Amino acid sequence: MTGAMVVVGNGTPMQPLVAMFIQLMFLLVVLKMAPYNDDLDDWSSFVCSFALTLTTLGGFLLMMWKQQSEDTVISVELLTTLLIGINGLCFAYEMLVIGYVACQDRLTAARLKKMVLKNNNSNSSTKVLPMTNDANKSDGDNQSDGPGQKIVVKQSDVDDADTLKNWGK
């Protein structure tokens, strides 16, 4: 926006006025479209755009005051205080949002850790039976999945697995 504002009436009140209208259009687009995944991000963008719009309005009023020093609607001291306050509130809001998101991340991590510990300590009815080697069966064609049975892997299965691992290289 600053590059375009150099072309528009350098040093005149037209510059902040055009900037304010561009910023206002952006503000309304962000408000209507809600382009971010999280509502909190949409609100943060809205608050920042609103603060920028009010800041450019303040710049416009300051430039108008500079040209006409008699009968101003608002005093310069009050306007500068309002501009500082608006941008300070915007900054404070963004810090609150950052703190809230950080707190939510910590709470989510704590809940996940608690759930994992709970699942690891629970008594499950699922049991794993160890496989034992049976020395009596040496035939490579006899495969069994039962407990206590020997599982034999053929060399062709190992070669196929190596081929599959190196497929994309």
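Mind checking the full-extension length gain between Val73 and Asp39? Use 0.36 nm per residue of separation minus the Cα-Cα distance, one decimal, nm.
Gain in length upon complete extension: 8.5 nm.
In which sequence would Thr12, Thr53 go, from the one with the fewest C-beta neighbours within 10 Å to the one with the most?
In increasing order of surrounding Cβ atoms, one gets Thr12, Thr53.
Find out how many positive minus negative residues lie around Leu112, taking Lys and Arg as positive, Asp and Glu as negative, among other residues whose Cβ is under 13 Å from that of Leu112.
Working: positive: Arg106, Arg111, Lys113, Lys114, Lys118; negative: Asp105.
With Lys, Arg at +1 and Asp, Glu at -1, the neighbours total +4.
In which sequence would Ser156, Ser44 go, from the one with the fewest C-beta neighbours within 10 Å to the one with the most?
On the way: Ser156 8, Ser44 19.
The most exposed by this proxy come first: Ser156, Ser44.
Computed from the coordinates by the stated procedures, all read-outs in this text should not be read as laboratory data. Here the structure is a predicted model, which is why all the values come from computation and not from measurement. For neighbour counting, all protein chains shown are included, and Cβ atoms are generated from backbone atoms with ideal geometry for every residue, glycine included.
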